[in-house]
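One structure is given here, and the rest of the page talks about it.
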Amino acid sequence: NAGVMQNPRHLVRRRGQEARLRCSPMKGHSHVYWYRQLPEEGLKFMVYLQKENIIDESGMPKERFSAEFPKEGPSILRIQQVVRGDSAAYFCASSPPGRGVGPHNEQFFGPGTRLTVL
Amino acid sequence: AQSVTQLDSHVSVSEGTPVLLRCNYSSSYSPSLFWYVQHPNKGLQLLLKYTSAATLVKGINGFEAEFKKSETSFHLTKPSAHMSDAAEYFCVVSLYNQGGKLIFGQGTELSVKP
C-alpha cells in the first residue's frame, strides 16, 4: 500500500505566478488535510477535505488560496499570484473513514512540497 | 482554546544518555495526543499515539510517552539516545470537536553528540 504521495517535491515560482500542489491520499483514505510549515515553525492546519467537500477551511488565507478534492484524482492546493511569504513546505495528510478521537484520527503524512517564491 | 506547548525549542544530549522532550497541552475535552518526528527535509513520521487506553504509550525506535491528566503533560522519553535520533520532534493534539484537525507544538530540535 503506497503512502501519501505529493508532487512536485520542489516547486519554484516567481512572484505573481500560480502554484498547484497535488496530493494523492493513501488507498482507502477519504479524508485529506493540508498543512503549511513556515521556516523554523511547526505545522499549521490549512484545510480539511473529503471527496467533493470542504469540511473545514478555517486555516486557509482568505485570498489567493483554494483547495479541492474531486471525486476522481488527487487533491489540489492552488495558490494564485504567489508572494515571497508563501515560501514554505506544504504537507498533505490523509486518514481513513470514520471520525472522533483515537485511531481514526491518525493522519499519515506525505513527504511535502517545498515551494520557493523568487 | 486548545493548544500544545513544547517547553524546549532545542535539546542536546550525548549518545547513550536518556532523552526527555517535554509537552504540555490544554484542552476542554479528552484529547488524542501524538508525537511525530521530522528528519531534515523529510516528511513526518508517527512515533506514538495516546488514545485514552493505557497512559504509558510505547512507540517506535524505543520511544515512549506518558499521559498525565493531572499535569496535562505528554512528555516523550527514550532511555538511550542514538545518533540517528537527531531530528525535529512535534507534540500534536487532535480533538473530537475539531473534525480531526491536528494542532502542532512549535517543535523541539534534538541534537545527539557522539
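The values are calculated or read from the model by the stated rules, or taken from the named source; none is laboratory data. Note that the structure is a prediction, hence the values are computed from the model and not measured. So basically every Cβ, Gly included, is an ideal-geometry build from the backbone, and we count neighbours across all protein chains shown. These area figures cover heavy atoms from the full protein model, side chains too; ligands, DNA and RNA do not enter into them. Shrake-Rupley method; radii C 1.70, N 1.55, O 1.52, S 1.80 Å.
Need one number for segment A:1-59: average projected area of the convex hull over its C-alpha atoms, nm². Don't skip to the answer; put the middle values down first.
Numbers: hull surface 21.7 nm².
About 5.4 nm², averaged over all directions.
How large, in Å, is the protein assembly as shown by the Kirkwood hydrodynamic radius built from its alpha-carbon pairs?
Numbers: mean 1/r = 0.0549 Å⁻¹.
Computed over the protein assembly as shown, the radius equals 18.2 Å.
A 20 angstrom limit on the alpha carbon distance is what I want to check against. Which of B:Lys42/B:Lys68; A:Lys27/A:Lys71; B:Lys78/B:Lys101; B:Lys49/B:Lys101 exceed it? Each step should come with its number before you reach the end.
On the way: B:Lys42/B:Lys68 30 Å; A:Lys27/A:Lys71 14 Å; B:Lys78/B:Lys101 28 Å; B:Lys49/B:Lys101 15 Å.
With Cα atoms farther than 20 Å apart: B:Lys42/B:Lys68; B:Lys78/B:Lys101.
Sorted by accessible area (1.4 Å probe), largest first, how do B:Tyr89, B:Tyr29 line up?
Numbers: B:Tyr89 5, B:Tyr29 125 Å².
I get B:Tyr29, B:Tyr89, largest accessible area first.
Mind checking the mean number of beta-carbon atoms from other chains within 10 Å of the Cβ atoms in A:84-97?
Values: counts 0, 0, 0, 0, 0, 3, 0, 3, 1, 4, 0, 3, 0, 0.
Mean shielding by partner chains, rounded to a whole number: 1.
With every protein chain present, what is the per residue accessible area of segment B:16-63 (1.4 Å probe, Å²)? Walk me through the numbers before you get to the answer.
Values: 2330 Å² over 48 residues.
Per residue, segment B:16-63 has 48 Å² of solvent-accessible surface.
How many percent of DSSP beta bridges within the protein assembly as shown run antiparallel, rounded to 5?
Working: 69 of 78 bridges.
The antiparallel fraction comes to roughly 90 percent.
In debye to the nearest 20, how big a dipole does chain B give about its Cα centre with +1 on each Lys and Arg Cβ and -1 on each Asp and Glu Cβ? Let's see the in-between values first.
Details: 9 positive and 8 negative charges, 51 e Å.
Result for chain B is approximately 240 debye, rounded to the nearest 20.
Accessible area, 1.4 Å probe, largest first: how do B:His75, B:His10 sort?
Details: B:His75 50, B:His10 95 Å².
Order by accessible area, largest first: B:His10, B:His75.
Shielding by partners for A:47-57, please: the mean number of other protein chain Cβ atoms within 10 Å of each residue's Cβ.
On the way: counts 1, 5, 0, 0, 0, 0, 0, 0, 3, 4, 0.
So the per-residue partner count for this stretch is 1.
Would you please put A:76-82, A:86-92 in order of how densely packed they are, using the mean number of other Cβ atoms within 10 angstrom per residue and starting with the highest?
On the way: A:76-82: 17.7, A:86-92: 21.7.
Top of the packing list down: A:86-92, A:76-82.
Roughly how big is the protein assembly as shown's charge dipole about its Cα centre, with Cβ charges of +1 (Lys, Arg) and -1 (Asp, Glu), in debye to the nearest 20?
Computed about the Cα centre, the dipole is about 600 debye.
Working from the pairwise distances between different alpha carbons, so that the mean of 1/r is found and then inverted, what is chain A's Kirkwood radius in Å? Numbers along the way, then the final one.
Working: mean 1/r = 0.0698 Å⁻¹.
Here the Kirkwood hydrodynamic radius works out to 14.3 Å.
Tell me, Kirkwood radius of chain B from alpha-carbon pair distances, in Å?
Working: mean 1/r = 0.0707 Å⁻¹.
Answer for chain B: a Kirkwood hydrodynamic radius of 14.1 Å.
Peptides B:33-44, A:35-46: what's the order by average Cβ count within 10 Å, highest mean first?
Final packing ranking: B:33-44, A:35-46.
Along the charge dipole of segment A:15-56, Cβ charges K/R +1 and D/E -1, which of A:Cys23, A:Asn53, A:Gly42 sits furthest on the positive end?
So the residue furthest toward the plus end is A:Cys23.
Work out the charge dipole of chain B with +1 on the Cβ of Lys and Arg and -1 on the Cβ of Asp and Glu about the Cα centre, then indicate which of B:Ser80, B:Ser14, B:Val92 is farthest towards its positive end.
Result: B:Val92, furthest along the dipole toward the positive end.
Give the relative contact order (percent, whole number) for chain B; include only Cα pairs under 8 Å separated by 6+ residues.
Across chain B, relative contact order equals 36 percent.
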